[in-house]
Amino acid sequence: MSPQTKRLDQTVRKSESSRQVATTGHEWDGLQELNRPLPRWWLWLFYATIVWSVGYWVVYPAWPLLSSYSNGVFNWHSRAAVRSDLAALQTQRASMTNRLAAASLAEVESTPEMLDFARALGGRAFADNCAPCHGAGGGGAKGYPNLVDNDWLWGGSLDAISQTITHGVRSGDEQGRQGAMPAFGRDGMLKRDEILVVTDYVRSLSGLSTTAGADLSRGAKIFADNCAVCHGPDGKGNRALGAPNLTDQIWLYGSDSQAIIDGIWNGHGGVMPAWSGKLDPVTIKALTVYVHTFGGGE
Amino acid sequence: MCPDGSSASASAITVATPMRPGQSLSDLAGAAADAVTTAKLSQSDFPDNLDDEPLYAARKKIYPQRVRGTFRRLKWGLLVVTLGIYYFLPFIRWDRGLNAPNQAVLIDFPGRRFYFFFIEIWPQEVYYLTGLLIIAAMALFLMNAVAGRLWCGYLCPQTVWTDLFVAVERWIEGDRREHLLRDQQPWGFDRAARATAKHFCWLMIAWWTGGAWILYFGDAPTLVRELATFKAPPIAYGFIGLLTFTTYALAGWMREQVCVYMCPWPRIQAALTDEHALNVCYRYDRGEPRASLKKAAALHEHGQPAGDCIDCHQCVYVCPTGVDIRNGPNLGCIQCGLCIDACDAVMKKVGRAPRLIAYDTDLNIRARQHGGRTSYQFVRTRTVLYTAIIAVVGGMMTYALATRHAQALTIIHDRNPLFVRLSDGAVRNAYAVHIANKRRETQNFALQVTGLAGADVETIGSDRNPEGEPIIAVGPDQTRQVRVIVTTHQPLKPDASIPLTFSIVTADGGVGATAMDRFVGP
């Protein structure tokens, strides 16, 4: 295509006007797009934005330097801005947080406005800190207790929940919850056949099916000798040691034979961190109320 | 496609040939094809180098001439009404009782409420805004289908404020001729004094415009007092400054540039229009060929035809966007009708019939040209459709407004976990229940949950009434969220999903609001 015909394709002139205007060469059903010059003020605005951008270099942190960066004349910093926003928020909430700090847990829960505030604050703290293990709505997962049901390893009263959150479970904190399920099989305390028998017995405690012909009375004997120390003679558990109730329908690690055998063989000992050093007392209070009002609180 | 090339768009999708008299939109495809052929044949029309095109075009200053007539009077009337509403509406009071603002129109951002006379809109009812926007769009389309750019010519804020600014300019700097002459003089005391006075007046109007704007967002009398004593919040001054600047720049300096370059509506309306829509037209069947009175007399003497247009350019001089209406439909024409007034005045003076420029359609002009019948069709598919949509959406909004309750109920089922099995085998579902109390006093609602017989309904932190239903107190003009727990001991089918109805019963025993959700089982 010669340059001349190319130009012909790209441009169509207004045939009658004294002033000729180029088009962009685009055509839709005979409609064409004129290629008019920009208005001058638009061009000025464009240059003005370029000048304006220079102002950002001066005012805000902009240029990387060898070991640091240019600070900007306002010394503005995004982290400082977040800190001051947080401080402003805390000041705004101060009247309620102060009330929460002074009130007992029971008082917080029985006063509607404090309850609403604590649930809002606790919900946020739960999502930030607890949800990774316990689930967004406290539903838990295998090995991570469900906080919505009415079964509690260490107690579901306000004080018990507060104690667990503050000091954790097997967290290394001196006041933390202690006690673990030993590895009966791995450490040679029970033989394989004994574990199989006691598994059937444990399943029978909550009415689950057992292996045909299982010697449950032998299982009961093994249970009384090894397990009842923590789980109680009737298998109802012991909250002082975090030993679960084996007679109800809630199973932290699963209720099938394999899961129970696995637990007896290898033991259990989940860990929850102590939050006392990480969260302030008011947040822990709010979290306690939030967890207590999931529905299973005692 | 502005033939003088002064004010057409940089990238307007438009036809390559100017619209000639006697040509309709449907002719244009063929005409454009002709243009391509013509262009190919006349090689000499091309500049040697396309890079020689200018990068930018300076604005040609427009000196709109004063005009009197029907449309000018109509525009003055609309200017007074629209600006009157804008400037004074915030001062109208409306009694809503204790603890409620008494301003008729108020957008209360901190309180999250919008008040419009007897209507109070909460943020969750913002769908009314959707309805309003649909009606606004359809009204704009309908205007366009009936008589072109009625919005642009008479009601658009850009047009109204520019009209006001032009009037001020004319008052201080004089009419077109005087102003033109003065602008050609070297700067002296008179010119400087007038320019200063003009810009001062413009800035005062712009400042008042910004000031009135913020009054819609707070109690107007209080805010005026605070502004006067410099106690208003800084953001108030900031917004006044911003709107002062935009009003001054857009109505004082930018004017027709806003319509030609910035506004999307001319493009949209060009795509929406049809051949039956009335537009401000030059009736070339009557006007052509143009001839001055003397020339017309000479032509008649020789038995040659002469049109009614005496080529006096009054229609161009009065045009606020600098368009020559005689060149046909034009992107820059806002259809304000001032050229009709100007032409009518001239026609009256020369003793010819008025409305050489008028609201008409090109179809009718061509019909007259060829001795055919003119017709005005207002009832067309599109006008009926637009009217129907406006009626339906307006009806829905009115119905929704008339039947809405003073309280609202929203249920959100817990997503994770969907259900919980309790130690005794019972199944529990939890819900976040939002109750909005739009009354100005605290209301106690009894929560009823039906659909699952024998289920236990518990609300965290609430008492129960003698019937065992949870009682939820919601403060005046507030929303409260409560956690509601529903537990059943009955055996459920696998994957059960049972519909539940939540109702809140007001103190007088009536059902305030209901909402549906489900009870999910393992």
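Quick rundown of the values:
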quantity	calculated
Translational D in µm²/s for the stretch A:26-109 (Stokes-Einstein at 10 °C, 1.306 mPa s, Kirkwood Rh from C-alpha pairs)	83
Charge sum, other residues only, whose C-beta stays under 14 Å from B:Cys201's C-beta, Lys/Arg counted +1 and Asp/Glu -1	+1
Relative contact order %, the stretch A:23-76, counting alpha carbon pairs below 8 Å whose residues are six or more apart	19
Ellipticity estimate at 222 nm from DSSP helix runs (n ≥ 4, -39,500 (n - 2.57)) divided over chain B, nearest 500	-12000 deg cm²/dmol
HN-Hα J in Hz across the stretch B:251-256 - Karplus 6.51, -1.76, 1.60, θ = phi - 60°, x for Gly and Pro	8, x, 10, 7, 6, 5
Packing-based ranking, highest mean first, of B:383-392, A:191-200, A:242-251 given that Cβ atoms within 10 Å are counted	A:242-251, A:191-200, B:383-392
Set of lysines with alpha-carbon distance to B:Lys295 below 22 Å, sequence-local pairs under 8 removed	B:Lys348, B:Lys349
Reachable lysines from B:Lys438, criterion Cα separation under 30 angstrom, eight or more residues apart if same chain	none
Semi-axis lengths (Å, descending) of the ellipsoid that matches the C-alpha gyration tensor of the stretch A:50-200	49, 27, 14
Karplus (6.51, -1.76, 1.60) ³J(HN,Hα), θ = phi - 60°, over the stretch B:435-444, in Hz, Gly and Pro reported as x	10, 9, 10, 8, 7, 8, 10, 5, 10, 9
The stretch B:372-419: C-alpha gyration tensor shape, a/c 1.5 cut-off, then a/b vs b/c	oblate
Amide H within-cut-off set for B:Asp311, under 5 Å, with H built and near neighbours excluded	B:Ala291
Under 5 Å, built H, 5+ apart or other chain: amide partners of B:Arg113	B:Asp108
Reachable aspartates and glutamates from A:Lys221, criterion Cα separation under 15 angstrom, eight or more residues apart if same chain	A:Asp193, A:Glu194, A:Asp200, A:Asp234
Relative contact order (%) - criterion: Cα under 8 Å, at least six apart; region: chain B	15
Amide H contacts under 5 Å for A:Asn150, placed H, 5+ residues apart	B:Ser423
Loop-resident sites, the stretch B:382-469, for GluC sites (Glu not before Pro), counting at most 12 other Cβ within 10 Å (DSSP)	B:Glu441, B:Glu467
Rounded to whole Hz, the Karplus (6.51, -1.76, 1.60) HN-Hα couplings of the stretch B:212-225, x for glycine and proline	5, 4, 6, 5, 6, 10, x, 5, 4, x, 4, 5, 4, 5
Per-residue mean of C-beta atoms belonging to partner chains within 10 Å, peptide B:458-467	3
Cβ-based net charge around A:Gly123, under 15 Å, with every Lys or Arg adding one and every Asp or Glu removing one	+3
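Values in this text are rule-based calculations from the coordinates and carry no lab data. Since this is a predicted model, take the numbers as computed values, not measurements. Using ideal geometry, Cβ is built from the backbone for each residue, glycine included, and neighbour counts are taken over all protein chains shown.
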